[in-house]
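The values are calculated or read from the model by the stated rules, or taken from the named source; none is laboratory data. Predicted, not measured: the structure shown is a model, and the values here were computed from it. Neighbour counts are summed over all protein chains in view; Cβ atoms, including those assigned to glycine, are modelled from backbone coordinates with ideal geometry.
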Amino acid sequence: MKLFGKSSATPRITASGGMPSPARGEVGRAVSARLDANPAVTNVPIAGVQFYHHEDFLSPEQCARLIALIDIGRRPSTLLSDRAGVGFRTSDSCDMDRWSPEVRPIDESIAHLLGVDPRNGETMQGQRYDIGQQFRAHHDYFHEAEKYWADMERCGGQRTWTAMIYLNDVEEGGSTWFPQAGIRVSPKRGLLLAWNNMKLDGSPNERTLHEGMPVVEGVKYIVTKWFREGAWVN
């Protein structure tokens with residue numbers, strides 16, 4: 001299975017989500033230094049983006065337990081945006097109970113991998129994509145000009161790093177595509193991706209635009225953990 005492929009798509013220009021921030025820039029440097037020092041982690045060379053992967057971060061048994069929790073708690077996915085239209089995000093989602101004995105060790109192990117305070121992590125979200133379901137191209141960072149930003153400032157501020165783990169192999173489709181960075185990742189059970197949504201100066205990085213491509217055959221399960229610049233859990 002070829003996990004990583006290059007894309008020749010022409011990048012499109014998108015609006016920046018905010019201004020530079022020395023504090024966010026320092027978070028980016030600290031996390032990347034920690035990941036670079038971990039022999040189990042691979043730095044994927046992408047111009048202008050800090051991007052890493054860790055194979056077999058979760059065991060098959062851990063993946064199976066998370067899949068079962070997603071199936072029990074799933075609901076139609078929602079979207080935090082002023083601009084997206086119908087059909088933009090068509091998956092199901094499940095908010096994982098971060099304090100449950102099945103979730104907490106995994107949740108905290110992701111924070112430990114990145115070296116980020118667990119309190120800065122949002123609730124880990126499980127997602128299920130059936131045939132034809134997708135999440136069109138979007139950024140994980142918050143656009144500070146949109147009306148939801150005031151609420152985000154009160155609960156940890158801007159998103160910095162994203163960690164995403166594939167919980168199963170997918171027969172066909174379901175790749176994660178970064179059109180501006182020129183990389184496409186195929187689902188593989190236990191594979192963790194981590195990327196910095198900020199540039200080195202701490203401003204939002206438009207090149208982290210990514211898309212959950214439609215599943216063609218099978219079902220795709222993932223979990224995603226977003227980290228804020230400040231404490232999300234008080």
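Suppose we keep only residues that are surrounded by 14 or more Cβ atoms within 10 Å (Cβ to Cβ) and part of a helix (DSSP H, G or I) within region 120-152. Which one would you say is nearest to the chain's Cα centre (by Cα)? Top of the filtered list is Asn120.
Look at (1) in contact with a Phe, Trp or Tyr (Cβ under 9 Å, 6 or more places away or on another chain); (2) over 17 Å from Arg65 (Cα atoms); (3) surrounded by fewer than 24 Cβ atoms within 10 Å (Cβ to Cβ) and you find that Ala194 fails only one, number (3). If you check Cys94, Cys63 for being without any contact (Cβ under 8 Å) to a residue 40 or more places away in the chain, hydrophobic (A, V, I, L, M, F, W, C) and touching a Gly at 6+ places or on another chain (Cβ under 8 Å), only one passes: Cys94. Set side by side, the residues Val103, Val41 differ, and just one is more than 24 Å from Arg154 (Cα to Cα), buried (at least 17 other Cβ atoms within 10 Å of the Cβ) and either acidic (Asp, Glu) or without any contact (Cβ under 8 Å) to a residue 40 or more places away in the chain (or both), which is Val103.
Of all residues in region 1-34, those being modelled with pLDDT of 75 or more, part of a loop (DSSP other than H, G, I, E, B) and surrounded by fewer than 15 Cβ atoms within 10 Å (Cβ to Cβ) number 2. Residues in region 82-95 that are crowded, with 17+ Cβ neighbours inside 10 Å and either modelled with pLDDT under 90 or more than 17 Å from the chain's Cα centre (by Cα) (or both): Arg89 alone. For region 74-81, the criterion of being at pLDDT 95 or above, surrounded by 11 or more Cβ atoms within 10 Å (Cβ to Cβ) and either among the acidic types (Asp, Glu) or more than 26 Å from Pro214 (Cα to Cα) (or both) is met by no residue.
Evaluate the following for Ala194: is it modelled with pLDDT under 95 and outside any loop (DSSP other than H, G, I, E, B)?
no
Please go through region 198-222 and pick out each residue that is hydroxyl-bearing (Ser, Thr, Tyr) and under 14 Å from Pro22 (Cα atoms). Passing the criteria: only Ser203. One residue stands out among those in region 44-55 that are touching a Phe, Trp or Tyr at 6+ places or on another chain (Cβ under 9 Å) and at pLDDT below 95: the one that is surrounded by the most Cβ atoms within 10 Å (Cβ to Cβ), which is Ile46. For the condition surrounded by 14 or more Cβ atoms within 10 Å (Cβ to Cβ) and not in a loop (DSSP other than H, G, I, E, B), what is the one hit in Leu66, Leu58? Leu66 is the lone residue from the list that is surrounded by 14 or more Cβ atoms within 10 Å (Cβ to Cβ) and not in a loop (DSSP other than H, G, I, E, B).
Of all residue pairs spaced 6 or more apart or on separate chains, those with beta-carbon atoms under 7 Å, a first member in region 128-147 that is within 28 Å of Glu229 (Cα to Cα) and a second member that is part of a loop (DSSP other than H, G, I, E, B) and among the charged types (D, E, K, R) are Arg128/Arg74; Glu146/Asp82; Lys147/Asp82. Taking Arg89, is it touching an Asp or Glu at 6+ places or on another chain (Cβ under 6 Å) and of a type in the set (D, E, K, R)? No: the conditions fail for Arg89. Filtering region 197-211 for residues that are hydroxyl-bearing (Ser, Thr, Tyr) and within 15 Å of Trp177 (Cα to Cα) leaves a non-empty set. Among residues of region 153-169 being hydrophobic (A, V, I, L, M, F, W, C) and closer than 23 Å to Val41 by Cβ, the one that is surrounded by the most Cβ atoms within 10 Å (Cβ to Cβ) is Trp161.
Please give the number of the condition Gly202 fails out of (1) crowded, with 19+ Cβ neighbours inside 10 Å; (2) in contact with a helix residue (DSSP H, G or I) (Cβ under 7 Å, 6 or more places away or on another chain); (3) at negative phi; (4) assigned to a loop (DSSP other than H, G, I, E, B). The failed condition is (3).
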